[in-house]
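Please read the structure below before turning to the comments.
The values are calculated or read from the model by the stated rules, or taken from the named source; none is laboratory data. This structure is a prediction, so every number in the text was calculated from the model and none was measured. Heads up, the Cβs are rebuilt from the backbone with ideal geometry, glycines too, and the neighbour counts pull from every protein chain shown.
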Amino acid sequence: MKSLMSLAQESLKDLGDWCGVSTIFDCKTIEDRVEAEGISFLTITLPSYSSSLEKGLENGKVDAQLFPAFKSDRGGFPQFLGGFLGLVFDRTSGLLLDSPSIDAIFSIRQISLMFGKIYLPCTPKRERAAFSKFIENEKQVRENDILLSPSLKADFSRMSSFLWGSVLTIADQKVFDGDIVPKHGPGSTADRLIGNDKYSQTEWPRRLENYFPEGEYMFPNWRHYDATRSNLLEPGQERPVRVVSVPKTLKTPRIIAIEPTAMQYVQQALKEVICDAIQSDKDFSGENRMNSVVGFDDQEVNQSLAHEGSLDSSLATLDLSDASDRVSNEHVRLLLKNHPHLNSAVDACRSRKAHVPGFGVKRLAKFASMGSALTFPMEAMIFTIVIFMGIQSQLNRRLTNKDLKSFVGRVRVYGDDIIVPVEFAESVVSMLHAFGYVVNTGKSFWTGKFRESCGKEYYAGHDVSVVRVRQKLPAQRTDAKEIISTVSLRNQLYERGLWKVAKSLDELLGRMIPFPAVNPESPILGRRSFLGYDTERVCSSLHRPLVKGMVVSSIIPESPLDGYDALMKWFLKRGDMPFADRTHLERSGRPLAVRIKQRLASAV
């Protein structure tokens with residue numbers, strides 16, 4: 001904890017030099033409050049300061065009520081970071097300055113948010129509260145299903161056909177033709193199969209049989225069907241998803257649901273079919289249609305639009321709370337109701353029950369939590385429908401293809417990160433609420449010059465995104481995970497211009513490992529430098545500069561696979577190229593641990 005406190009103080013001094021602000025009082029405040037409150041001051045209380053700043057930027061004014069966790073002076077200005085804040089807001093009136101300091105805005109955000117997402121386990125009390133919220137969201141989904149009016153359902157269906165009719169027709173046809181190739185994901189499963197063991201799965205829900213018969217999907221073909229291995233599960237015997245928590249912030253963990261192997265196996269196939277159909281969607285002129293509005297693997301479009309919105313205030317950025325856990329299965333049924341084969345296939349591979357720690361097995365009204373391969377595409381399509389319903393409501397007429405084309409580059413959905421034109425923001429928010437979704441007002445912006453989307457934040461066209469600490473600082477050479485994370489942190493701080501903090505991390509890391517200057521492409525855990533790279537000698541065969549340093553080494557767990565199961569893995573391979581890993585039938589799965597080893601390697 002003291003090392004993190006020292007890092008915060010060093011960062012504060014560096015940022016103070018940036019802005020010409022004294023940080024003596026601020027450093028003392030950090031020391032006093034960390035001693036009194038522990039690490040929660042850095043990880044929970046400090047991030048609230050940034051949230052207050054962003055509200056002030058949105059409203060054009062700050063006052064004492066915005067900073068309840070910090071003492072204020074007589075004028076209502078918070079004392080902590082007050083020197084920085086005075087470069088952004090007028091000290092007397094609290095009003096936003098005509099030309100606020102971008103460096104000061106970045107500095108406040110950097111010191112406030114630096115430790116907000118460190119990967120540390122929450123307290124048991126906070127973890128229990130997160131599971132309780134999962135159950136509460138489930139209750140609200142059921143209530144919202146009842147409250148949704150027939151007219152809104154009809155409007156939703158019409159908009160679904162308008163936006164997604166051609167995409168879903170393509171996917172529906174592929175399901176009907178059996179043109180679906182399943183695949184296993186890299187993550188954990190509810191039945192705890194990992195690596196190559198997934199190709200030897202034995203459980204198969206009977207619900208899958210109509211579209212995904214076990215003889216074709218569990219075995220290379222029906223000739224190899226083994227009834228003694230297959231265990232057909234009736235609906236009442238199906239394995240529920242396993243709800244677990246993973247680190248997100250110390251304030252609250254992230255709740256995900258781990259799917260059974262068979263369900264995830266088929267979900268991956270349907271996801272691929274749906275995403276491919278969206279990517280190939282064109283209008284009559286051959287131009288991109290919905291794939292320009294919805295993104296699945298490119299966050300840069302959202303980030304670019306957020307930058308544009310901060311520059312000219314034309315676009316709003318919206319963020320949804322617990323987005324995945326609020327997508328109702330009824331919404332998915334409305335989306336797919338005119339495409340019976342796709343609808344039935346999606347419903348067949350949807351897990352209906354979840355085992356929630358402390359609450360037992362619960363039947364689900366939501367479509368699925370994070371963990372299902374279909375959650376991301378389904379929520380994106382549904383959010384897009386609701387967004388355009390909000391736009392249509394304000395226009396007071398039905399949208400046309402010409403209208404839709406005019407919104408390309410102005411409406412964008414990536415998961416729960418949403419961008420819409422500012423003039424439609426309130427109407428869209430209202431429609432999202434009507435369907436039971438909760439817009440996070442603390443992370444949604446449309447009236448000021450601050451915008452945030454997909455991990456990037458901008459103010460008036462300037463990038464004010466921060467560098468975050470993800471792991472505790474290492475104490476010894478064997479702390480491989482912490483060393484890897486700290487090297488990344490050091491290089492990000494260096495490239496952001498916080499050179500004094502980077503130098504202090506150089507000294508810390510230099511006491512534990514060789515820490516040469518290397519290029520970003522080097523396999524060595526080294527420091528980035530605008531002055532070039534270190535070298536000890538040149539490789540005689542490849543003529544590359546070599547330097548001694550630490551290289552990350554991970555061991556893939558043993559997972560032998562042979563016989564017809566190995567043949568099945570070959571049939572499921574994508575593309576014509578051979579497997580990149582020659583040992584894929586001997587070892588498979590995510591590494592159980594990482595190590596760092598010292599050796600001579602390329603510096604570039």
Neighbours by Cβ (under 8 Å, 6+ apart or cross-chain): first from segment 337-360, among the β-branched types (V, I, T); second part of a loop (DSSP other than H, G, I, E, B):
V346/L374
Residue list for segment 202-231, filter: among the hydroxyl-bearing types (S, T, Y) and outside any loop (DSSP other than H, G, I, E, B):
Y217
With the requirement that a residue be of a type outside the set (V, I, T), touching a Ser or Thr at 6+ places or on another chain (Cβ under 8 Å) and crowded, with 23+ Cβ neighbours inside 10 Å, what does segment 415-424 give you?
D417
Per the filter on segment 545-575, residues within 30 Å of P516 (Cα to Cα), among the small types (G, A, S) and buried (at least 16 other Cβ atoms within 10 Å of the Cβ) are G549
Inspect all residues belonging to segment 92-100 and state whether any of them is within 30 Å of the chain's Cα centre (by Cα) and more than 19 Å from F445 (Cβ to Cβ).
no
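Could you check segment 420-444 and list, in sequence order, the residues that are more than 12 Å from G390 (Cα to Cα) and part of a strand (DSSP E or B)?
Initial filter on segment 420-444 (more than 12 Å from G390 (Cα to Cα)): 422, 436-444.
Of everything in segment 420-444, those that are more than 12 Å from G390 (Cα to Cα) and part of a strand (DSSP E or B) turn out to be V438, V439.
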Unique residue being in contact (Cβ under 8 Å) with a residue 24 or more places away in the chain and within 30 Å of W499 (Cβ to Cβ) when the list is L572, L600
L600
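Give segment 411-423 a look and list any residue that's in contact (Cβ under 8 Å) with a residue 60 or more places away in the chain and more than 15 Å from Q299 (Cα to Cα), or say none.
V420, P421, V422
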Which listed residue is of a type outside the set (G, A, S) and free of Cβ contacts under 8 Å to residues at least 24 places away in the same chain, from K117, K139:
K139
Just name the residue that is farthest from Q237 (Cα to Cα) out of those in segment 361-391 that are without any contact (Cβ under 8 Å) to a residue 60 or more places away in the chain and of a type outside the set (A, V, I, L, M).
G390
Of everything in segment 396-411, what is in a loop (DSSP other than H, G, I, E, B) and surrounded by 14 or more Cβ atoms within 10 Å (Cβ to Cβ)? Give them in sequence order.
L399, G409, R410
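Matching residues to (1) over 11 Å from A603 (Cβ atoms); (2) surrounded by 12 or more Cβ atoms within 10 Å (Cβ to Cβ); (3) in contact (Cβ under 8 Å) with a residue 40 or more places away in the chain:
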residue: V501; (1), (2), (3): yes, yes, yes
residue: D506; (1), (2), (3): yes, yes, no
residue: P514; (1), (2), (3): yes, yes, yes
residue: N519; (1), (2), (3): no, yes, yes
residue: I524; (1), (2), (3): no, yes, yes
residue: R528; (1), (2), (3): yes, yes, no
residue: L531; (1), (2), (3): yes, no, no
residue: D534; (1), (2), (3): no, yes, yes
residue: C539; (1), (2), (3): no, yes, yes
Of the residues in segment 232-261, those that are within 25 Å of C122 (Cα to Cα) and assigned to a strand (DSSP E or B) number 11
Reported set for segment 101-128 where residues are more than 24 Å from the chain's Cα centre (by Cα) and exposed (fewer than 14 other Cβ atoms within 10 Å of the Cβ) is K125
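Restricting attention to helices (runs of 4 or more DSSP H) lying wholly within segment 278-370, give those where 1 or more residues are surrounded by fewer than 21 Cβ atoms within 10 Å (Cβ to Cβ), modelled with pLDDT of 95 or more and among the basic types (K, R). Can you show your working first?
Working: elements: 300-312, 329-336, 340-348.
Result: 329-336.
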Residue pairs, Cβ under 8 Å, 6 or more apart or interchain, first in segment 188-208 and assigned by TED's automatic domain parsing to the domain that holds P560 and closer than 20 Å to A257 by Cα, second assigned to a loop (DSSP other than H, G, I, E, B) and among the basic types (K, R). List them.
none
Within segment 60-83, the residues that are polar (S, T, N, Q) and under 17 Å from R109 (Cα atoms) are Q79
Applying the selection to segment 577-604, what residues are assigned to a loop (DSSP other than H, G, I, E, B), in contact with a helix residue (DSSP H, G or I) (Cβ under 9 Å, 6 or more places away or on another chain) and at pLDDT 85 or above?
F579, H584, L585, E586, S588, G589, R590
Note on V141: of the conditions (1) over 22 Å from the mean Cα position of the chain (by Cα); (2) outside any helix (DSSP H, G or I); (3) surrounded by 15 or more Cβ atoms within 10 Å (Cβ to Cβ), unmet is (2)
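Tell me which residues, restricted to segment 226-255, are polar (S, T, N, Q), more than 24 Å from Q267 (Cα to Cα) and surrounded by 17 or more Cβ atoms within 10 Å (Cβ to Cβ). Don't jump to the end; show me each part of the working.
Step one: list which residues in segment 226-255 are polar (S, T, N, Q), which gives 228, 230-231, 237, 245, 249, 252.
Then keep just the ones that are more than 24 Å from Q267 (Cα to Cα); that gives 228, 249, 252.
Passing the criteria: only T249.
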